[in-house]
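Working notes for the structure below.
Bear in mind these aren't lab numbers, they're just calculated from the coordinates by the rules spelled out. Keep in mind that what you see is a predicted model, and the values were worked out from it rather than measured. Glycine also receives a Cβ, built like all others from the backbone with ideal geometry; neighbour counts cover every protein chain displayed.
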Amino acid sequence: MATMSAPRTDNSPETAAAPGTIVLAGATGALGLLIAHQLRQRGATVRALVRPAASAKAEADSLRLQGVEVVAVDYNDAAELTKACAGATCVVSALSGLRAVIVDAQTQLLDAAVAAGVPRFIPSDFSADFTRLPEGSNRNFDLRREFARRLDQAPIQATSIFNGMFADLLTGQAPVVLAGPRRVLYWGSPDQPLDFTTMVNTAEFTAAAALDATTPRYLCVAGEVASIRGVQAAARAATGQEYKLFRAGSLGFLGTMIQVTKTLMPAKDDVFPPWQGMQYLHNMLSGQAKLPSLDNARYPGIRWTSVREVLAAKA
């Protein structure tokens, strides 16, 4: 059965902040669009930073229709980027990519935010808790840790938001729930608690956090904490069909598979090559990236979506 960790009670915001101006980078991506929408729902003024080539695309038009100010910027132009950040109460990054984006572009954005006197910065972390993972266990997490070290040295209030795995991926990029053979795939133990949060819930929480001047360095949320057995029960409840567990091997065997896959299909320039998803699963199934406690109760207006509801929507 699914279980929930006890919500934190020590990090509740002291006062409700008035909507301010939020600068949002990566606004034309899937998560960025959702964050922009949630910010506008909360009455915030949103300034979306987009690459010049993206300013005429449908996603940018969608942002404009919602009342978002879309600003085309060259990240290599420090003065231009600083001007784009001026007057903001928080800069939120939803950028996605490899080193050139997660480390280099985010550093340029951070430097611009500091130069513009922006008081707060939310990086594009949105993941499991990578702070306790060893170097080399996850390429994308290594990049985020590298940027985090730079962020911690900057004179700005930083808040990272951890949400476990996007629950939306359970039926797609993270092939855990296999609809055809009706199996739930896993390695290691079927009883390890796992954190799942939908992209919509993550965007809702991020928007609320962006407008909250009292956020701590880390905030952790999960729409549901469920073991593999809990995911199996959710699949059964969502579809009305029996799902069986399929243990593909130990975590050590999964680690070997990752190394073999990286050797045969390195795809070093891909953000999410097959072995990257396998690394993510290994981090979660090992328990190393488990969120220690949850801040779900910090913003009471959010209704958290369960794994069963995610699977039912795909059934």
TODO: Give me the aspartates and glutamates in straight-line cross-link reach of Lys57: C-alpha distance below 14 Å, same-chain residues under 8 apart excluded.
DONE: none
Open item on the list: Angle check, please: helix 30-41 long axis (alpha carbons) against the longest principal axis of the chain (alpha carbons), in degrees 0 to 90, nearest 10.
Closed with: 60 degrees
Task: Inter-label distance, nm, simple model (7 Å from Cα along the C-beta direction), Thr107/Asp191 - done: 4.6 nm
Task: Sites Gln66 and Gln259, calculated FRET efficiency, Cβ-Cβ separation with R0 51 Å, nearest 0.05 - done: 0.70
TODO: Please count, across the range 241-315, the pairs of lysine residues with Cα atoms under 27 Å apart that sit 8 or more places apart or on different chains.
DONE: 5
Task: Label corresponding to Rg/Rh (Cα atoms, Kirkwood Rh) when calculated from the structure given, among (1) 1.10; (2) 0.97; (3) 0.94 - done: (2)
Open item on the list: Just to confirm my numbers, what's the Cα centroid distance between the range 18-55 and the range 97-165 in Å?
Closed with: 18 Å
Task: Reduced Cα scattering model of the range 181-315, Debye log10 I(q)/I(0), q = 0.10, 0.14, 0.15, 0.20 Å⁻¹ - done: -0.42, -0.80, -0.89, -1.23
Task: Long-range amide H partners of Ala27 with built H, under 5 Å - done: Leu49
Task: Net length gained if the chain between Ala30 and Arg149 were fully extended (0.36 nm per residue, minus Cα distance) - done: 40.2 nm
Open item on the list: Tell me the mean residue ellipticity at 222 nm calculated for the chain from its helices only (DSSP H runs of n ≥ 4, each -39500 (n - 2.57), averaged over every residue, nearest 500).
Closed with: -10500 deg cm²/dmol
Open item on the list: In whole Å, what are the extents of the range 215-295 along the principal axes defined by its C-alpha atoms, from largest to smallest?
Closed with: 43, 38, 22
Open item on the list: Taking the 0 to 90 degree range and rounding to the nearest ten, how far is the long axis of helix 199-210 tilted relative to the main principal axis of the chain, both from C-alpha atoms?
Closed with: 40 degrees
- [ ] Select from Ala56, Ala210, Ala237 the residue whose mean-square fluctuation is largest in a Gaussian network model of the chain (Cα-Cα springs shorter than 10 Å).
- [x] Ala56
Task: Semi-axis lengths (Å, descending) of the ellipsoid that matches the C-alpha gyration tensor of the range 90-161 - done: 21, 12, 10
- [ ] Would you work out the relative contact order for the chain, in percent, from Cα pairs under 8 angstrom that are 6 or more residues apart?
- [x] 23 percent
Open item on the list: Just to be sure I understand: with springs between alpha-carbon atoms less than 10 Å apart, which residue in Met165, Met199, Met278 has the highest mean-square fluctuation in the Gaussian network model of the chain?
Closed with: Met278
Task: Other-chain or far-sequence residues with amide H under 5 Å of Leu95's (modelled H) - done: Ser124
- [ ] Find the centroid of the Cα atoms in the range 250-291 and in the range 210-239, then give the distance between the two in whole Å.
- [x] 22 Å
TODO: With springs connecting C-alpha atoms under 10 Å apart, model the chain as a Gaussian network and identify which of Gly26, Gly172, Gly117 has the largest mean-square fluctuation.
DONE: Gly172
